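Below is a structure I'd like to ask you about.
The values are calculated or read from the model by the stated rules, or taken from the named source; none is laboratory data. All values reported here derive from a predicted model rather than from experimental measurement. Neighbour counts are summed over all protein chains in view; Cβ atoms, including those assigned to glycine, are modelled from backbone coordinates with ideal geometry.
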């Protein structure tokens, strides 16, 4: 995961206190970034709220993957709630003070760690359901809740460095406040260590788990005589492709940025400017993930659409015609208790 999550939110954040070099740093248009963040915020808020609403109504048909999906939607909701603060900082700098700087950074990091850990849990769950074809211990309801609890606990602990190190301050040569790590040059080892920990635990290890689990799952589906296997494979490929598109570029760029800040890579102003610009571009792509997840894990699933329509009908939001259309094509998908709404 990102070595410094909020690094991608505002051009000012590319500077640490020891980075005030004569290099003129490039930046994307702050107003355009602000509008983009607000759009992502609205889409994520709507999409993830619907996901939580639907899963909460599936009391009897809720699978283990659905539980992970609901927690994933909650994590995306928490992440999206921080976006308006960063959007405002695009044009006005950080005007919310040190307390909110620490709080928002902590919430954002917790949400992002939880998100990637839950994606790994979903990959393991699909592996157990399809490859092992068993109601394993990992899939029992009370243990699934315990796993989700451990995910949130681990994410909170890993987010503590952001809470401790971040503060609102005005760096030398700037005319606006920023919310960023305020580390001295003597703390370069600490910064490098925390960044490498985040790269490893927050991205590369979960990515390895997903690649192995989904790889085995796809192999099993290829050899299975199942009419639903092509749909399941399509969902799996979509999930992995979206994850790689949104998460891989920013993590690779941040890894390069870590090496540059650690003086392992040295290339002068040109290299620093290229890295800074790449952080901004890949950062915008990365922030889209919270709006894409609801589409991939829910809205392409027939069972999810059927459950949503059924719930809306029960609450009187839609009429008999829509309910009849729902009943027409939902008999097999609604009756399945082992199929997640993502498949």
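Please go through region 49-69 and pick out each residue that is within 27 Å of residue 36 (Cβ to Cβ) and free of Cβ contacts under 8 Å to residues at least 40 places away in the same chain.
The answer is 49, 52.
For the structure I just gave you, tell me whether residue 98 is in contact with a strand residue (DSSP E or B) (Cβ under 8 Å, 6 or more places away or on another chain), at pLDDT 90 or above and part of a helix (DSSP H, G or I). I'd like the intermediate steps shown before the answer.
Working: in contact with a strand residue (DSSP E or B) (Cβ under 8 Å, 6 or more places away or on another chain): yes; at pLDDT 90 or above: yes; part of a helix (DSSP H, G or I): yes.
The answer is yes for residue 98.
Give me a count of the residues in region 84-95 that are crowded, with 17+ Cβ neighbours inside 10 Å and either under 13 Å from the mean Cα position of the chain (by Cα) or farther than 25 Å from residue 117 by Cβ (or both). So that I can check it myself, show each step before the final result.
Just the residues of region 84-95 that are crowded, with 17+ Cβ neighbours inside 10 Å, to begin with: 85-90, 93-94.
Narrowing the set further to residues that are either under 13 Å from the mean Cα position of the chain (by Cα) or farther than 25 Å from residue 117 by Cβ (or both) leaves 87-90, 93-94.
Final tally of qualifying residues: 6.
Then there's this: When residues of region 59-83 are filtered for being more than 29 Å from residue 105 (Cβ to Cβ), in contact with a helix residue (DSSP H, G or I) (Cβ under 8 Å, 6 or more places away or on another chain) and surrounded by fewer than 19 Cβ atoms within 10 Å (Cβ to Cβ), how many remain?
Counting residues in region 59-83 that are more than 29 Å from residue 105 (Cβ to Cβ), in contact with a helix residue (DSSP H, G or I) (Cβ under 8 Å, 6 or more places away or on another chain) and surrounded by fewer than 19 Cβ atoms within 10 Å (Cβ to Cβ) gives 1.
Is it the case that region 277-295 has a residue that's at pLDDT below 75, crowded, with 18+ Cβ neighbours inside 10 Å and assigned to a helix (DSSP H, G or I)?
No, region 277-295 contains no residue that is at pLDDT below 75, crowded, with 18+ Cβ neighbours inside 10 Å and assigned to a helix (DSSP H, G or I).
Let me ask you something else. Do we have any residue at all in region 181-202 that's exposed (fewer than 15 other Cβ atoms within 10 Å of the Cβ), at pLDDT below 90 and not in a helix (DSSP H, G or I)?
Scanning region 181-202 turns up at least one residue that is exposed (fewer than 15 other Cβ atoms within 10 Å of the Cβ), at pLDDT below 90 and not in a helix (DSSP H, G or I).
For a quick check of your reading of the model, give me the residue pairs whose first member lies in region 257-280 and is touching a residue at least 24 places away in the same chain (Cβ under 8 Å) and on the phi < 0 side of the Ramachandran plot, whose second is outside any helix (DSSP H, G or I) and surrounded by 15 or more Cβ atoms within 10 Å (Cβ to Cβ), with beta-carbon atoms closer than 6 Å and at least 6 apart or on different chains.
From residues that are touching a residue at least 24 places away in the same chain (Cβ under 8 Å) and on the phi < 0 side of the Ramachandran plot, the pairs are 258/3; 276/25; 280/28.
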